[in-house]
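Novice: My questions will all concern the structure given below.
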Amino acid sequence: MPVELGNELVAFDQDDEGVTAKLGNGETVRAAYLVGADGGKSFVRKELGIAFEGTTDESIRMLLGDVGAEGLDHEHAHWFGAADNPMHGVVFTPLAGTAQFQFGSPLGDGDLDVETALPALQRRLDEFGGERIRLHDLTWSTVWRPNVRLAERFRVGRVFLAGDAAHVHPPTGGQGLNTGVQDACNLGWKLADGSPELLDSYEDERRAVAARVLGVSTALLQKYADGNEHAHERGAETRQLDISYRGGPLSAPGTGALRPGDRAPDAPLLDTEGKQVRLFELFRGPHATALIFGDAAADAPEGVPAYRILPAGGHPAVGEFLDAEGHAFGAYGVDDSRVVLVRPDGYVWS
């Protein structure tokens, strides 16, 4: 079904067999499931009556907008203001694929009736020494306040929430969009399968992750509010590479460094012609993947692509790969032989 821009969801109801949705153009759509990915003000969430628990911090406000900036290098971010006070100045963040920057400037207690038009942004920049930079082509602007909110539930029957409809974050750390995209990855393959067990696991897995990430982004925001000199620093906790579903409904107990629910590692392999292939290339696509290490029995579920990985010194046949440097065996904790099933979203299943 094609994406219909400028059309909105105005009503929906569900039964045991599916969801009936009414659109703003008068059309009625019948579907097996409905996913509300309609932002922090989600119509879907409100119609479901799901509480959006958290706070809006009125003590922190920021002038934001997307704008062109003549005289600025678009390859880098830029900061105009006091080096020792990250809450006093103007930041420009280049927007990929455009010639614009996102303009951001924290507002003080005295900035009550703030104008958001282009001249106001220029005056703000001039105040912090940016007179030589000329702003132009402002596409939107607003006075932003940080929201830290988490939906009480991510699912009611056949209707699910994802992205900002389920959780809204401060922008610190760049966590919100990444978390929303991961919601979609987690939910998409489960919807395609339709298994009740898989669909039931979505809220358990993703709500816990969203709660944790909200803690990370909120702690970073507080560093800015406190004027912490390390507020601009970003550590491993913002990369989201350590997210795990260990202990979740789809993850059986395990031992060792890599267990069911963990992110499946990448590793370089060699095919029969000696060409390098990475595990992530084998995982790519909306399917689970079976990795058969050594001489383990080829015990993969029906329809799941399976690849045998041989240790260094082996001689791979067609459809087999050589772990010439031992990275794959090491990453998956395999001494001899083992079958590892990787979920479509790139996490270890078993």
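The values are calculated or read from the model by the stated rules, or taken from the named source; none is laboratory data. The structure presented is a predicted model; accordingly, all values stated were derived computationally and were not measured. Neighbour counts are summed over all protein chains in view; Cβ atoms, including those assigned to glycine, are modelled from backbone coordinates with ideal geometry. SASA here: full protein model, heavy atoms, side chains in, ligands and nucleic acids out. Shrake-Rupley method; radii C 1.70, N 1.55, O 1.52, S 1.80 Å.
Novice: Quote the accessible area belonging to PHE128 in square angstrom, nearest 10, computed with a 1.4 Å probe and with ligands, DNA and RNA left uncounted.
Specialist: 30
Novice: Also, quick follow-up: How large is the accessible surface of HIS287 in square angstrom, using a 1.4 angstrom probe and rounding to the nearest 10?
Specialist: 50
Novice: Quick one: length gained pulling SER350 to ALA77 fully straight, 0.36 nm per residue minus the C-alpha distance?
Specialist: 94.0 nm
Novice: Calculate what fraction, in whole %, of the accessible area of segment 140-217 sits on carbon and sulfur atoms when a 1.4 Å probe is rolled over the protein chains.
Specialist: 54
Novice: With runs of 4+ DSSP H residues as the only contributors, calculate the mean residue ellipticity of the chain at 222 nm using -39,500 (n - 2.57) per run, divided by the residue total and rounded to the nearest 500.
Specialist: Helix contribution divided over all residues of the chain: -6500 deg cm²/dmol.
Novice: Identify which of ALA264, ALA192, ALA208 has the largest mean-square fluctuation in a Gaussian network model of the chain, with springs joining Cα atoms closer than 10 Å.
Specialist: ALA192
Novice: Largest first, how would VAL334, VAL3, VAL91 line up by accessible area (1.4 Å probe)?
Specialist: Result, largest first: VAL3, VAL91, VAL334.
Novice: Heavy-atom accessible area of SER337 with all protein chains present, probe 1.4 Å, nearest 10 Å²?
Specialist: The accessible area of SER337 comes to roughly 50 Å².
Novice: For THR20 and ARG284, what is the calculated FRET efficiency with R₀ set at 35 Å and r taken between the beta-carbons, to the nearest 0.05?
Specialist: 0.50
Novice: Given charges of +1 on the Cβ of Lys and Arg and -1 on the Cβ of Asp and Glu, with all other atoms neutral, how large is the dipole of the chain about its Cα centre, in debye to the nearest 20? Provide the component values of the computation, followed by the final result.
Specialist: Details: 31 positive and 53 negative charges, 48 e Å.
It comes to approximately 220 debye.
Novice: Select from segment 1-48 those GluC sites (Glu not before Pro) which occupy a DSSP coil region and have at most 15 other Cβ atoms within 10 Å, ordered by residue number.
Specialist: Working: sites: GLU4, GLU8, GLU17, GLU27, GLU47; in loops: GLU4, GLU8, GLU17, GLU27.
Within segment 1-48, the qualifying GluC sites (Glu not before Pro) (loop, at most 15 other Cβ atoms within 10 Å) are GLU4, GLU8, GLU17, GLU27.
Novice: Once fully extended, how much extra length lies between ALA96 and THR28, figured as 0.36 nm per residue of separation less the alpha-carbon to alpha-carbon distance?
Specialist: The ALA96-THR28 span can extend by a further 20.8 nm.
Novice: In addition: So, counting K/R as plus one and D/E as minus one, what does the shell of residues with Cβ under 12 Å around ALA306 add up to?
Specialist: Around ALA306, the charge tally is -2.
Novice: What net charge do the residues around GLY71 carry, taking every other residue with its C-beta under 12 Å from that of GLY71, with Lys and Arg at +1 and Asp and Glu at -1?
Specialist: Net local charge, GLY71 excluded: -1.
Novice: What is the percent carbon and sulfur in the accessible area of segment 41-132, measuring with a 1.4 Å probe over the protein chains and ignoring ligands?
Specialist: Values: 2510 of 4980 Å².
Answer for segment 41-132: carbon and sulfur cover 50 percent of the accessible area.
Novice: Still on this model: Mean Kyte-Doolittle of at least -0.5 plus a Cα span of 18 Å or more along the axis: flag which DSSP H helices in the chain meet both, please.
Specialist: 176-193, 196-225
Novice: While we're on this one: From largest accessible area down, sort ASP242, ASP299, ASP262; use a 1.4 Å probe on the protein chains.
Specialist: Details: ASP242 85, ASP299 115, ASP262 15 Å².
Greatest to least solvent exposure: ASP299, ASP242, ASP262.
Novice: Using the reciprocal of the averaged 1/r over all distinct C-alpha pairs, how large is the Kirkwood radius of segment 170-265 in Å? Spell out each step's value before the answer.
Specialist: Details: mean 1/r = 0.0672 Å⁻¹.
Radius from the Kirkwood sum: 14.9 Å.
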